[in-house]
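The next block holds one structure in the form of structure tokens; read it before the comments.
The values are calculated or read from the model by the stated rules, or taken from the named source; none is laboratory data. This one's a predicted model, so the numbers in the text were calculated from it and none came from an experiment. In this analysis, Cβ positions are derived from the backbone assuming ideal geometry, glycine residues included, and neighbour counts consider all displayed protein chains.
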Amino acid sequence: MNWYQKNIFLEKIAKKIRKRVMDSDAIGDISYDVSARKLTIKFRRGGTWTYGRVPRKTFENFTRAKSKGRFFNEIIRDKYPII
């Protein structure tokens, strides 16, 4: 793989997975796989959960929510399958 192919490959990965460090007491960071529609949440007290079939808009709203814990409990938890 030459340098050009490597850069194209890295750009595709960057577009595919979005990661955000969260300003939250409960949630450490989240990442979202655009093509697979998977949301992975890493909790500050330990544990990482991955949810499937999550719309991109839900991920975007999660990153902008005032209360990340409340958003998780009301919008994500028990609404999407854990994978």
Which members of the range 56-83 meet the condition of being of a type in the set (S, T, N, Q) and part of a helix (DSSP H, G or I)?
Thr58, Asn61, Thr63, Asn73
Those residues that are within 19 Å of Ile82 (Cβ to Cβ), in contact (Cβ under 8 Å) with a residue 24 or more places away in the chain, among the basic types (Lys, Arg) and not in a loop (DSSP other than H, G, I, E, B), I need them from the range 12-55; list them, please.
Lys38
Given the condition under 19 Å from Ile17 (Cα atoms), β-branched (Val, Ile, Thr) and exposed (fewer than 15 other Cβ atoms within 10 Å of the Cβ), answer yes or no: does some residue in the range 65-81 qualify?
no
Surrounded by 14 or more Cβ atoms within 10 Å (Cβ to Cβ), modelled with pLDDT under 95, charged (D, E, K, R) and out of contact with any Phe, Trp or Tyr (no Cβ under 7 Å at 6 or more places or on another chain): is that true of Asp23 in this structure?
no
First in the range 60-83 and under 17 Å from Asp25 (Cα atoms), second anywhere and of a type in the set (A, V, I, L, M) and assigned to a helix (DSSP H, G or I), Cβ under 9 Å, 6 or more apart:
Phe62/Ile75; Phe62/Ile76; Ala65/Ile75
